[in-house]
Structures are given as C-alpha cells and as structure tokens.
1. Against the conditions (1) surrounded by fewer than 22 Cβ atoms within 10 Å (Cβ to Cβ); (2) away from the ligand (no atom under 16 Å from the Cβ), where does Y63 fall short? Just the number, please.
2. Here are some conditions: (1) under 30 Å from D371 (Cα atoms); (2) under 18 Å from the mean Cα position of the chain (by Cα); (3) more than 16 Å from the ligand (Cβ to nearest atom). S78 meets all but one. Which one does it not meet?
3. Limited to the range 255-266, what total is found for residues that are surrounded by 18 or more Cβ atoms within 10 Å (Cβ to Cβ) and either within 16 Å of the ligand (Cβ to nearest atom) or of a type in the set (D, E, K, R) (or both)?
4. Run down A388, A338, A354, A314 and say which single residue is more than 15 Å from L268 (Cβ to Cβ), assigned to a helix (DSSP H, G or I) and within 15 Å of the ligand (Cβ to nearest atom).
5. Answer yes if at least one residue in the range 280-288 is surrounded by fewer than 24 Cβ atoms within 10 Å (Cβ to Cβ) and in contact with a His (Cβ under 8 Å, 6 or more places away or on another chain), and no otherwise.
6. Tell me which of these K299 doesn't satisfy, since it passes every other one: (1) over 19 Å from V375 (Cβ atoms); (2) within 13 Å of the ligand (Cβ to nearest atom); (3) among the basic types (K, R).
7. Take T370 and tell me if it is of a type outside the set (A, V, I, L, M, F, W, C), touching a residue at least 40 places away in the same chain (Cβ under 8 Å) and surrounded by 14 or more Cβ atoms within 10 Å (Cβ to Cβ).
Amino acid sequence: MPKLSIFQCIDCGNEYDIHEIRYRCNCGELLEVIHDLHTSIPDPEKWKCSLDNHLNQTSFHRYKDILFPSSPKDSIISLQEGDTPLYDVSGSFTDFGSLWLKHEGMNPTLSFKDRGMVAGVTWANYLKCEIVICASTGDTSASMAAYSSAAPNMKGIVLIPHGKISSEQLAQPIASGALTIGIESDFDGCMQLVQQLTEKHNIYLLNSMNSIRIEGQKAIGIEALHQLDWQVPDWFVIPVGNAGNISALGKGLRELHELGIIDKLPRLAGIQTIGASPMFESYKNGYSKLIPQKAKPTKASAIQIGDPVSYKKAINELKHFNGLIETVTEIELMDWKAKIDSMGISICPNSSVAVAGTMKLRQTGIINETDNVVVILTAHGSKFSNTAVEYHQDASNRYSNETIIIKPDINELEKVISS
Ligand code: F0G
C-alpha cells in the first residue's frame, strides 16, 4: 500500500517520510511533496462535480484531496483564506481574447502567502512545533506571524531586511506578536541566516523552501480554474521573486492535467523587474545555471531577490508549460499599478509587475489578441500606501492624481472643483 504523501528529491528522486522535519534531500537539492492522487481522488470526474457542493467550506478544505490529502483535519489552522475574486477586465482590455485578474491580495493578511501558510502552519501544529521562523520581504512574515499566533502553542520569529519593507508590512508581524528581527542585509542574507539557524536548532522553517507550503499555494491556480468552469486559459502570468509561487502554480496545474480534470496545459509567464532578474538571465541563456545577483532596489520590494531558492523547481515547471520569463522597468510597473488601481482594484507594485509584463508580452505579440489570460495579483495595494502616495504626488507621472491643499474657504473649494 503506497503512502498517501511522501517527500521526493526533485533531482535524484530519493524519497523520505512526510513526517520527517526536512527541507532538502541528502544530496542538497529541494524536495517536492508527491501524493498518491489516485487514492485521494479515485474518480476525478466525480470529485470535480462534488466541489460545487462544498462552496461553503474554505478553499483549503474544498481542494484538500489534491492540495494536501495527508493534512490532518483536527490540526487545521485557518483564517478563512482563499475564495479570492477573479475579475473579468476584458471590457477594458479589448485586445485580448479575455483578461482576468485573480486578486490574491484579498486574503486575510492581504497577500497570496496565506494559501501556503494554512498548509505550513497546520503541518507545524500537527508536528507540535513550538517555534516557527521565516525570512521575508514582508508578506511571508505577515502571514506566518498571523497564522502562528492563531495556533494554540506556537511562537513566530520573522527575519526581515531592515529598512527594506513597507511600514504596513512591518506593522503586521509586530501586531501579531511575532519576534520581529530586522537584519542589516537583503532578503537573500536573511534567507541564509534562517537556513543556518534551522539546521542547528529545533525551529521549524516556514519559507517556501519548505515544500509543504507549496502544496497549499497550489490552490491559487486550481481555484482560478474552478471559477473559470475548468476552461483552461492560454496563459497564466505571475510575478517571480523567490520562485515558490510559480513552482506551486505549475505543480497544481500539472496535477489537474495528470488527473484528466483539465485537458490542455496553459503557458506560464513569470515576470521580474529589470534590476532583480536572475531567472530572466537564466531563461535567456537556455535555462543555464542560475547566477545569483545582488538584487537592485525596486518599488516591487517583495521581489527584490537575487538568489531564488526555488529556482530549479520553477525551471522544471516553466519547461513543462512551455513558459517564459520577461522583465519590466520601474516606470512600467508603477504606471500599470496606477492604471489598475484606478479601476477600483487596489494592487501592490509586485502584482503590477505581472500586469506590466502581460502588456509587454501582448505588445510584442507573444501573447496574441485572441489569447485568454489570467494574471495573478499577489498582494493588496494597502500594503504599499507610500508607494502610491509618492507616485500620485509627482505630476510628471503618467497617471498622477495629486492631492490639492486649500484653506477652509468655500470660494477656494468651488474654484478647485470647477477647474
Ligand atoms: N508578490 C508578492 C506580493 C510577494 O510577497 C512575493 C514574495 C512575490 C510576489 C513572489 O513570490 O517569492 O514565490 O516568487 N514574497 C516573499 C516574502 C519572498 O518573503 O514575502 P515568490
């Protein structure tokens, strides 16, 4: 009788028990969780039809048989994540077959990280881990802090690059009661420290190099397809930093395809900023070895990452889905943020990297005018209010909308309104 879930090395294929606390194979490579999906979903068509009867459950519960069938029911730590909106904006972008925005910023801690964290913290709770830790550019830390504080007996520790995350992101772990440590380094420096620490101490690592988190994150693509009544788009476009999310997106879609629930594969496009583009450089050179970069500051600070941990997983998925990597400039990403914000959909600058990339791929004809496209928006604009205020205060910006200050005088007010 095969086990329902195991760890397997993405390189040498070595297998490990899922209950081991382990993030890498003995050969040093990352692990992937492999499920016996034919046992958890013996009749895929029946499973697919049954999902509509479970719309009152949280997304993690509803898709559990494909996300993480081994997840222990009694240990689940959920903050009601998921069921995020899928906006059809095709009416405003008529040069696509259709264009959809999946807004992961509408999760409890305002980013997609909650999708993986429900799986990670649930597993930590089940394993009775009392201390959990992550390195973060601001969103993993917010999410891990919230979920660990919702668990019965768990302390969260977050390592963040000092001075490099937004004040809203900094407020989140502090308010949740996590031990919040600013490191005088960048994300890659924080990530190295977390790995060193968890090798030496009994502290559970909850970055996406912990492959349990990837299983929860698969829900984004699966839920989007369910919302689209399983009509597979031509493209999924997603911003890429540490490369966990694109790996999760690919794995979830791959598993749906293997089960026969979808009958074709979409293409994947990962988008980075010009100054933090190690994946792009590798892609340009035929997926040559990753050369770590010193990532340059960007308004998309959550993806200012030069040495993505999940690089190899992401490359495997990109190859499987005939994918590609593109880059965008600071001006492009900020203008597209303003444009989408002005449609009533508040997005963060990391999300707008994906929007700007989509538009660039459309302009260059890689995405064509009949293609159906889903863009993953990864966090809410409210996490980056300074970025928006700065943009709109500068009249030289394309879509700026400056605040006008006046005396408390009716004549002045009328003058402003009529001008
Ligand atoms: N968008 C946002 C809002 C993010 O916070 C991140 C990553 C990404 C995109 C990229 O996802 O790393 O899986 O490729 N944030 C991590 C963090 C690194 O610490 O919050 P990825």
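The values are calculated or read from the model by the stated rules, or taken from the named source; none is laboratory data. All figures in this text were calculated on a predicted structure; none of them were measured in a lab. With ideal geometry, Cβ positions are generated from the backbone for all residues, glycine too; neighbour counts draw on all protein chains shown.
1. (1)
2. The failed condition is (1).
3. Here the count works out to 1.
4. Working: A338 fails: within 15 Å of the ligand (Cβ to nearest atom); A354 fails: more than 15 Å from L268 (Cβ to Cβ); A314 fails: more than 15 Å from L268 (Cβ to Cβ).
Exactly one residue qualifies, and that residue is A388.
5. So in the range 280-288, the residues surrounded by fewer than 24 Cβ atoms within 10 Å (Cβ to Cβ) come out as 280-288.
Now drop any that are not in contact with a His (Cβ under 8 Å, 6 or more places away or on another chain), which leaves none.
The answer is no; no qualifying residue exists.
6. Among (1) over 19 Å from V375 (Cβ atoms); (2) within 13 Å of the ligand (Cβ to nearest atom); (3) among the basic types (K, R), the lone unmet condition for K299 is (1).
7. Values: of a type outside the set (A, V, I, L, M, F, W, C): yes; touching a residue at least 40 places away in the same chain (Cβ under 8 Å): yes; surrounded by 14 or more Cβ atoms within 10 Å (Cβ to Cβ): no.
In short, no.
Listed here are the residues, each with its yes/no results for (1) over 11 Å from the mean Cα position of the chain (by Cα); (2) closer than 22 Å to I291 by Cβ.
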| position | (1), (2) |
| --- | --- |
| P233 | yes, no |
| N242 | no, yes |
| S247 | no, yes |
| E255 | yes, no |
| L259 | yes, no |
| I262 | yes, no |
| R267 | yes, no |
| G270 | yes, yes |
